[in-house]
Amino acid sequence: MVHGFKRGLKLSPHKHATEGSPRETASVSQVVIPINQHFGAPNKPLVNPGDKVIRGQVIADASGPMTCPVHASITGVVTKIEPRTQTNNTNGLCIIIEAEPGESAESFMPPLDPFNCTKEEALARIRDAGIIGMGGAGFPANVKYNPPPGKTVDVIIANGAECEPYLTTDEASMTEKPQLLVAGLTMMMKITGVKRAVIGLEDNKASLVTILEQEIRLNKHAISEELDITIGLCQTRYPQGGEKMLIKALTGREVPSGGLPMDAHCIVSNVGTLIAIAEAFTLGKPLIDRDLTVSGGACKTPKNLRLPIGAMITDLPPECMAIDYDRLRKIIFGGPMMGNAAATAAIPIQKNTSGIVLMTRQETRTDAENTCIRCGRCLRNCPCCLSPVIMNNALESQDMDEAVQAGLMDCIECGSCSYICPARIKLVQRFRVGKLRLREIKAKAQQQAQAEKNPERK
């Protein structure tokens, strides 16, 4: 049975260049590691310029429940700590490390058996490994797998849909490391006490079903008979990989407005996150490498790569990565629908960088915006059943209340409305700005209320 959801888009996959290709590992002589790669409180550097660091060593951290440490991804010497441009096009503090030739020392944690340790110890291991959601949001994994009191979870969904065009890194991971995926999923079921799990795939990856089912059978000795791991095939339709869409397709449940997956009694994790969790327990390895796809018409050597966190594809040798700069017109970090456009490819990859797409003029849209013709396509194709045209009109008239009522804060920024709009209105970009503006308004209101509550003494 193939599951699905209403609305959304049928996109050209553009995956042929890297689909089925084995992953290649590359090394670099320098990494630029942002100290903040998670959704939460900011980190502080724990090293100084001139310090020697070892691969796996913690180099930035902070206290607090919503923090996640960052580790050295290569062994070498810290040369600088300074702001650099990151994948979200903002400047953030980065630690620059120069590799020491021939040095291969590593500083991993001792292995930990998740089936014979406490829940607190297991969650602490996930945090100490610096694991965040690798599908894009960057939410600390230890927080996601520890629902607050009153929130019950009865199913874990491993997100292997990979609905973004061009990207095939998750498919490569599931092909090459099915045992780690199943192990990581089993570990999280034990830690959370959840008895049911589903590996969600789009039906264009149906060839993986046999591989994964075989791995589930081979690991039956490590899986209690009470635990049920199945595979759910979903229609190949964008954005099937969105949490809300995947939950709806595989469970029939809906995440309520303003809610999270746990409000539908689900936890959704990218398959790469679960593989990283398995490595953290079995190898003691922190999240210091990133698997990603580098593709697009301006990429002469499209492939799936494994790079140390903080590496830049512009530092790779030509035989490993060649870019056709004469044809290059647009650089996207992430997928072409939800990723961020960047001015240069010389930006370090982060824990949540799933791909880099190097696009030609033929692959990009350069049409100028026109006036909305009220066709309603954005409404008919929005996978969250929102009203993009009403949201846009409200934002243009500065009516934030109406924008919120039309669904601004429920928008998942999938880009379906912008893609389908015949007037080429950049709707999703406007919604991102609108959300930022709304947060600023709320922050100012809170500050004002606090000032009125505690006036300064003269």
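Please report the carbon-and-sulfur percent of the accessible area for the range 222-349; probe 1.4 Å, protein heavy atoms only, DNA, RNA and ligands left out.
Working: 2170 of 4340 Å².
Carbon and sulfur: 50 percent of the exposed surface of the range 222-349.
For the range 404-458, what does the alpha-carbon gyration tensor say about shape, rounded, prolate or oblate, given a ≥ b ≥ c as the root eigenvalues, a/c under 1.5 as rounded, and a/b over b/c as prolate?
On the way: a/c = 5.42, a/b = 3.88, b/c = 1.40.
In terms of gyration-tensor shape, prolate.
Helices assigned as whole DSSP H runs in the chain whose Cα atoms extend at least 20 Å along their own long axis and whose mean Kyte-Doolittle hydropathy is 0.0 or higher are found at 178-192.
The spacing between the range 355-420 and the range 280-344, judged by their C-alpha centroids, is 27 Å. Charging the Cβ of each Asp and Glu at -1 and of each Lys and Arg at +1, and nothing else, the dipole of the chain about its Cα centre rounds to 1220 debye.
About the Cα centre of the range 302-458, what is the dipole size in debye to 20, counting +1 per Lys and Arg Cβ and -1 per Asp and Glu Cβ, all else neutral?
Numbers: 23 positive and 16 negative charges, 39 e Å.
Here the size comes out at about 180 debye.
With Cα Rg over 2.2 N^0.38 Å as the read-out, I listed (1) 1.19; (2) 1.05; (3) 0.99; which label goes with the value calculated from this structure? Among (1) 1.19; (2) 1.05; (3) 0.99, the one calculated here is (3).
Rounded to the nearest percent, how much of the accessible area of the range 128-173 (1.4 Å probe, protein heavy atoms only) is carbon and sulfur?
Ligands and nucleic acids excluded, carbon and sulfur reach 55 percent.
Provide the packing ranking of 442-449, 327-334, i.e. peptides ordered by the mean count of other C-beta atoms within 10 Å per residue, highest first.
On the way: 442-449: 10.1, 327-334: 19.8.
Descending packing order for the listed peptides: 327-334, 442-449.
Of interest is the spacing of the C-alpha centroids, which for the range 1-57 and the range 248-279 amounts to 20 Å. Is the range 15-54 rounded, prolate or oblate when judged by the Cα gyration tensor, a ≥ b ≥ c being the square roots of its eigenvalues, rounded requiring a/c under 1.5 and prolate requiring a/b larger than b/c? The shape class here is oblate. Taken about its Cα centre, the range 168-264 carries a charge dipole of roughly 140 debye when the Cβ of each Lys and Arg holds +1 and the Cβ of each Asp and Glu holds -1.
First check a/c for the range 1-71, with a ≥ b ≥ c the square roots of the eigenvalues of its C-alpha gyration tensor; if it is under 1.5, answer rounded, and if not, answer prolate when a/b is larger than b/c or oblate otherwise. List each step's numbers first, then the result.
Numbers: a/c = 3.62, a/b = 1.69, b/c = 2.14.
It is oblate, given that a/c is not under 1.5 and a/b is not larger than b/c.
When you count the other C-beta atoms within 10 angstrom of each residue and take the mean per peptide, 90-96, 166-172, 29-35, 105-111 line up highest first as 166-172, 29-35, 90-96, 105-111. Shape summary: the range 110-231 maps onto an equivalent ellipsoid whose semi-axes, from the alpha-carbon gyration tensor, are 23, 18, 14 Å in decreasing order. I'd like to know which of L112, P34, A60 lies farthest towards the positive end of the charge dipole of the range 1-115, counting +1 on Cβ of Lys and Arg and -1 on Cβ of Asp and Glu. Of L112, P34, A60, it is P34. Considering only G102, T301, C320, and ranking their Cα positions along the charge dipole of the chain that arises from unit charges at the beta-carbon of Lys, Arg, Asp and Glu, the one farthest toward the positive end is T301. Amide H contacts of R196 (H built 1.01 Å from N, in plane; Pro and chain starts excluded): I156, D228 sit under 5 Å, all sequence-distant by 5 or more or on other chains. Taken per residue, the accessible surface of the range 248-336 reaches 32 Å², heavy atoms only and a 1.4 Å probe. Two numbers describe the Cα atoms of the range 338-405: Rg and Dmax, which are 16.7, 41 Å. Along the axis of the charge dipole computed for the chain (Cβ charges of +1 for Lys and Arg, -1 for Asp and Glu, origin at the Cα centre), the listed residues G434, I199, P45 are led at the positive end by G434. For the range 341-458, the tally of Lys pairs with Cα-Cα distances below 21 Å comes to 4, considering only residues 8 or more apart or on different chains.
The values are calculated or read from the model by the stated rules, or taken from the named source; none is laboratory data. Note that this is a predicted model, so its numbers are computed, not measured. In this analysis, Cβ positions are derived from the backbone assuming ideal geometry, glycine residues included, and neighbour counts consider all displayed protein chains. Keep in mind that these areas ignore ligands, DNA and RNA; they rest on the heavy atoms of the full protein, side chains included. Shrake-Rupley method; radii C 1.70, N 1.55, O 1.52, S 1.80 Å.
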